[in-house]
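The values are calculated or read from the model by the stated rules, or taken from the named source; none is laboratory data. Please read all numbers here as calculations on a predicted model, not as lab measurements. Glycine also receives a Cβ, built like all others from the backbone with ideal geometry; neighbour counts cover every protein chain displayed.
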Amino acid sequence: MQFGRGKPAAGAFFDSDFSTIDSVLAQALIHGLQGKNDCRVAIVTLSRPNLAVAGFTDMVERYYRGPAGNFAQVPPVGMRTSGRPGATSAAFTEPFSLKKPDGTALFVNHVKRVLDTGDPDTLFRNYLEGQYDKNGFFILAGPATNLAAALEFRGMKELIVAKTNYLVAACDIGADVAAAKKVFGEWPTPIYSVSAEAGAAMPFPGTSIDKEFTAVNPDNPLIAAYKAFKPMPYDTPAPALIATLYAARPKEGYFKVSDAGTIAIRDDGSAAFTASAQGRHFNLTANPEKQDLVIKTWVELASAKPVMPQRFRPPAVVDEKKDDKKDK
């Protein structure tokens, strides 16, 4: 358990294969939300054995921790060591080619070998144990591989129930159908599911990369990553961004939430939703009335300069005038 003056913001457990630029933006978004004290980044885990992607993800974590991120202990990025490494987009390597005015590298890759990463299952267990009860959530932005494997750990389901409130999933079901079946069938807390259709209905604006991102900080590694992922200009579907924003701000009404039900994963990778008052699954869809606000919020938070996380909630503001009256 964390110690200090008060209960910290909810811990965010972010898992992805980082196969889309949307998931990369979501990693930036969650740090922007942390800067507003809406959440606290617990760990980031990668569901495929790809050292280049792990190195980029680790670099982004260090970037958002500010100067201390290159000297202080940084939680290792969890990386699955089995399965296929998948494609390595130039988005994960291009930022490391950037130089400072003196010719030295702007960003350093600290992940050179598997030992520089962490075991996702172990990280889940250890960082869940460090949370206050009911003070965390999971975000899944890719295949369910890591989360399904975690459910096999003894006592993990009980730990998830004790320490977290929900899972928000922008799940790539087709990438690992068996894992998706297991997670939607056995995950012990409510699941809020974002479909690919919902993500396509609210694309992230690529024009913000050369505008807001560059204006705030031209050295943001997300600028080079976004431009290297696909030829500019392009907008990108944003299911991972929807999942991340809802996870940290579920009461803002940014998206439409279905009635309770059950999501069953079929063998062909499709999903079937059955309404049920006893169900613990919900669908998240776009809310046209909030679309402009959501996109503005994404851009503002994802492009924000790094802010050192507040480990504990700020102390309550004291009304001195009210206290003076009490003293009289």
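Within the range 295-308, residues that are over 16 Å from PRO218 (Cβ atoms) reach partners that are surrounded by fewer than 19 Cβ atoms within 10 Å (Cβ to Cβ) with beta carbons closer than 7 Å, at six or more positions or on different chains, in the pairs ILE295/PRO205; VAL307/GLY35; MET308/GLY66. Contact map, the range 32-61: residues that are closer than 26 Å to GLU252 by Cβ and free of Cβ contacts under 8 Å to residues at least 60 places away in the same chain paired with residues that are aliphatic (A, V, I, L, M) and part of a helix (DSSP H, G or I), Cβ distance under 9 Å, separation 6+ or inter-chain. Pairs shown: VAL44/ILE30; VAL44/VAL60.
Screening LEU106 against (1) at pLDDT 95 or above; (2) crowded, with 22+ Cβ neighbours inside 10 Å leaves a single unmet condition, (2).
Please enumerate the residues belonging to the range 146-162 that are in contact (Cβ under 8 Å) with a residue 40 or more places away in the chain and farther than 16 Å from ILE191 by Cβ.
Listed by number, the list holds a single entry, ALA149.
Taking the stated definitions as given, is VAL53 of a type in the set (Val, Ile, Thr) and under 11 Å from the mean Cα position of the chain (by Cα)? Criteria not met by VAL53.
Considering only residues of the range 1-60 that are assigned to a loop (DSSP other than H, G, I, E, B) and charged (D, E, K, R), which is modelled with the lowest pLDDT?
Checked the range 1-60; the qualifying residue modelled with the lowest pLDDT is ARG5.
For the condition in contact with an Asp or Glu (Cβ under 9 Å, 6 or more places away or on another chain) and within 21 Å of ALA243 (Cα to Cα), ALA162 does not qualify. Would you check if there is a residue in the range 121-131 being modelled with pLDDT of 95 or more, among the β-branched types (Val, Ile, Thr) and surrounded by fewer than 17 Cβ atoms within 10 Å (Cβ to Cβ)? Yes: the range 121-131 contains one or more residues that are modelled with pLDDT of 95 or more, among the β-branched types (Val, Ile, Thr) and surrounded by fewer than 17 Cβ atoms within 10 Å (Cβ to Cβ).
Contact map, the range 214-229: residues that are touching a residue at least 24 places away in the same chain (Cβ under 8 Å) and farther than 18 Å from THR20 by Cβ paired with residues that are among the basic types (Lys, Arg) and part of a loop (DSSP other than H, G, I, E, B), Cβ distance under 7 Å, separation 6+ or inter-chain. Pairs shown: VAL216/LYS305; ASN217/LYS305. Among the residues making up the range 138-154, those that are modelled with pLDDT of 95 or more, surrounded by fewer than 24 Cβ atoms within 10 Å (Cβ to Cβ) and either outside any loop (DSSP other than H, G, I, E, B) or not hydrophobic (A, V, I, L, M, F, W, C) (or both) are ALA148, ALA149, GLU152. Give me the residue from the range 73-125 that is hydrophobic (A, V, I, L, M, F, W, C) and in a loop (DSSP other than H, G, I, E, B) and, out of that set, nearest to TYR226 (Cα to Cα). Selected residue: LEU98. Residues in the range 94-115 that are without any contact (Cβ under 8 Å) to a residue 60 or more places away in the chain and within 17 Å of LEU46 (Cα to Cα) were compared, and the one that is farthest from the chain's Cα centre (by Cα) is LEU115.
Would you mention how many residues in the range 161-180 are surrounded by fewer than 19 Cβ atoms within 10 Å (Cβ to Cβ) and within 13 Å of ASP267 (Cβ to Cβ)? Residues in the range 161-180 being surrounded by fewer than 19 Cβ atoms within 10 Å (Cβ to Cβ) and within 13 Å of ASP267 (Cβ to Cβ): 3 in total.
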